[in-house]
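J.: Input: one structure, supplied below.
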Amino acid sequence: MAKPFYRLQRFLRRTQFFFLFLAAAYLMAGSLLLLQRAGFVIQVGSRGPVQFMTAPSPAPITRSTMMDSSKLANPWRLSSQEPGDGMGPRQNPNNGPRWLMSRNLEIRHLRRRWFHSLMTEQEPRAEQGTAKRKIKHKGTYVGCFMDDAKSRALKGTVFYDFRKMTSSMCRDTCSESGYLFAGLEYGAECYCGNRITATRMREEDCNLDCKGEKGTICGGVGRLSIYKVENLHPGSRKYRNVHYRGCYQKPKNVSAAFSMCCSHANLTSESCVELCADKEFPLAITQRSECCCGYSSIDFPLQQKFDDQYCGRAANQSDRGGFPEDNDHVLAFQTPVQDTRCTDRKFKPEKSNALVALSSFPGAGNTWVRHLIELATGFYTGSYYFDGTLYNKGFKGEKDYWKSGRTICVKTHESGKREIEMYDAAILLIRNPYRSLVAEFNRKCAGHLGHASEQHWKSKEWPDFVASYAPWWASHVLDWLKFGRRLLVVHYEELQQALFPQLRLITNFLNASVSDERLLCVESNQDGHFKRSGVRQRGFDPFTVEMKMQIDGYITIVDAALRTHNFSGLPQEYVPR
């Protein structure tokens, strides 16, 4: 009897150590997998609810609730039902949509990244399968050239794609912009230009594969693989992506305002634009037989625009016709050449102890303002979230830890006392709620640049979206007014109308020393790569009468709260709708 008992005891002892070893191995493997997936490029943003949730209509707005932000703390506080009322479970009372919660903010940040990497881990595999397709390229390879931030080999348009860049994508973009050469660097950066102003290097120096096309060389470290682009439409190369900027007063000192000028008896606006594009200037200025090329400057600011009639030009006239009838005004055209005086960006060399938020409701133009701040200050902006689409297009701060102190400010859509008090200061960006709701619904349905289909607008998703997100628009502003330590309130519409002075206020608030020349460059590049096209117009108003009554009530609440906290009220265009 003792012998079998001894064997059983020995087996259990061995089993105990075996299970202990398995548990340790499981924990180690899980930790490695979690850290590895946390660094994946992520396409899914983490703003708002994962799926549309039906929320009942909010309670009527009364005078007692007007100044009480706690009753608007999140999209659900105005609309939550008491338990057992038959309307489903009561929502979490914390601020805003909360589907990833942890008391430890560091763990929550890591958990959010890990969760989204699980959601998108199949996408890279699909792309790897298509990246090896044989693609027909346009253009002739020129060679490998030196390139650095201070002296670019190609000084035209610049764009990035850290995930899907291919040589054909870069060539097509430069061709469509009217450039003669396309260059690729670091496997993900594309530069365009009409002249090569750099030294040829060894071919071995260009040794990095394109991010979206393995086996194809896309430059190297400080090295540019340059191609001569074949033009698809030779007769119109210089006039694609040419924009009429307006009628302006002629500078008193022309030689100081512009980089070069020339005269020709048979001058046309087309020939002037072609000349300035060849010389790689972003502005072409015409007046009768005189053509000038240059940049926006203190001597020739683009904010002071005159009516087209001063230049003898009809409002509906073609972008390439007509000349000023007097000697006091000139016509200005934006050539396809990009103003590169403000395109260099980097992380802050010294970590900042002050954490500044760029806070807004989703759809309020946060990405656009980040683009402007990065151009103006030369420093990357960070994000409380991780959006792989933005990272791939050049927002490198997306992948940096939001509390690292290496970015000039941090994007967030969060609200609530705990989340707000993590920041030492904040830029509070506010946009018309009608436009914010439409923009965010477009993003949820069709991405950053797409438009929701008519089927989406007429489905049950849209009213449910408005019912849950409209209160959030109000609660977001009220919470930041209540708990924010140091605030700068910026209205999206005022930033559009007066970019230069509003951007000066923002840079001063960020303690960034910025020259007027750089701000003028920002004005020339203000649209960026994430401006949704306004071509697709809806043939109906998506807002019902009930929706307008609800949203107008929230506008009244926010306007009163701003004035109570000694800020200017909402722009007049917000109401009446």
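J.: Checking the conditions here, which among A426, A439 is open to solvent by 10 Å² or more (accessible area, probe 1.4 Å), touching a Gly at 6+ places or on another chain (Cβ under 6 Å) and touching a residue at least 60 places away in the same chain (Cβ under 8 Å)? Working first, answer last.
T.: Values: A426 fails: open to solvent by 10 Å² or more (accessible area, probe 1.4 Å).
A439 is the lone residue from the list that is open to solvent by 10 Å² or more (accessible area, probe 1.4 Å), touching a Gly at 6+ places or on another chain (Cβ under 6 Å) and touching a residue at least 60 places away in the same chain (Cβ under 8 Å).
J.: Say whether the condition of being touching a strand residue (DSSP E or B) at 6+ places or on another chain (Cβ under 6 Å) and surrounded by fewer than 17 Cβ atoms within 10 Å (Cβ to Cβ) is met by at least one residue in the range 450-459.
T.: Start the filter on the range 450-459 by keeping residues that are touching a strand residue (DSSP E or B) at 6+ places or on another chain (Cβ under 6 Å), which leaves none.
No: zero hits.
J.: Among S436, S453, which is more than 19 Å from Q496 (Cα to Cα) and polar (S, T, N, Q)? Please lay out each step first, then the result.
T.: Values: S436 fails: more than 19 Å from Q496 (Cα to Cα).
That would be S453, the only listed residue that is more than 19 Å from Q496 (Cα to Cα) and polar (S, T, N, Q).
J.: If the Cβ limit is 6 Å and pairs must be 6+ apart or interchain, which residue in the range 509-520 that is charged (D, E, K, R) pairs with which residue that is open to solvent by 60 Å² or more (accessible area, probe 1.4 Å)?
T.: Close Cβ pairs (under 6 Å, with a partner that is open to solvent by 60 Å² or more (accessible area, probe 1.4 Å)) amount to D516/I298.
J.: Given (1) open to solvent by 10 Å² or more (accessible area, probe 1.4 Å); (2) closer than 15 Å to S436 by Cβ, where does A498 come up short, assuming only one miss?
T.: Every condition holds for A498 apart from (2).
J.: Next question. Can you tell me which condition C445 does not meet? The list is (1) open to solvent by 30 Å² or more (accessible area, probe 1.4 Å); (2) of a type outside the set (K, R); (3) more than 21 Å from the chain's Cα centre (by Cα), and all the others hold.
T.: (3)
J.: Which of the residues spanning the range 141-190 are modelled with pLDDT of 85 or more, of a type in the set (S, T, N, Q) and either assigned to a helix (DSSP H, G or I) or out of contact with any helix residue (DSSP H, G or I) (no Cβ under 9 Å at 6 or more places or on another chain) (or both)?
T.: S167, S168 - these are the residues of the range 141-190 that are modelled with pLDDT of 85 or more, of a type in the set (S, T, N, Q) and either assigned to a helix (DSSP H, G or I) or out of contact with any helix residue (DSSP H, G or I) (no Cβ under 9 Å at 6 or more places or on another chain) (or both).
J.: Let me ask you something else. Suppose the filter is at pLDDT 90 or above and under 26 Å from L487 (Cα atoms); does F347 pass it? It would help to see each step written out before you state the result.
T.: On the way: at pLDDT 90 or above: yes; under 26 Å from L487 (Cα atoms): yes.
Yes; evaluated as a whole, the condition is true for this residue.
J.: Then there's this: Can F386 be described as outside any loop (DSSP other than H, G, I, E, B), among the aromatic types (F, W, Y) and open to solvent by less than 20 Å² (accessible area, probe 1.4 Å)?
T.: Working: outside any loop (DSSP other than H, G, I, E, B): no; among the aromatic types (F, W, Y): yes; open to solvent by less than 20 Å² (accessible area, probe 1.4 Å): yes.
No, not satisfied.
The values are calculated or read from the model by the stated rules, or taken from the named source; none is laboratory data. Keep in mind it's a predicted model, so treat the numbers as computed, not measured. Glycine also receives a Cβ, built like all others from the backbone with ideal geometry; neighbour counts cover every protein chain displayed. The protein model used for the area step is the full one, side chains on, heavy atoms only, and it has no ligands, DNA or RNA in it. Shrake-Rupley method; radii C 1.70, N 1.55, O 1.52, S 1.80 Å.
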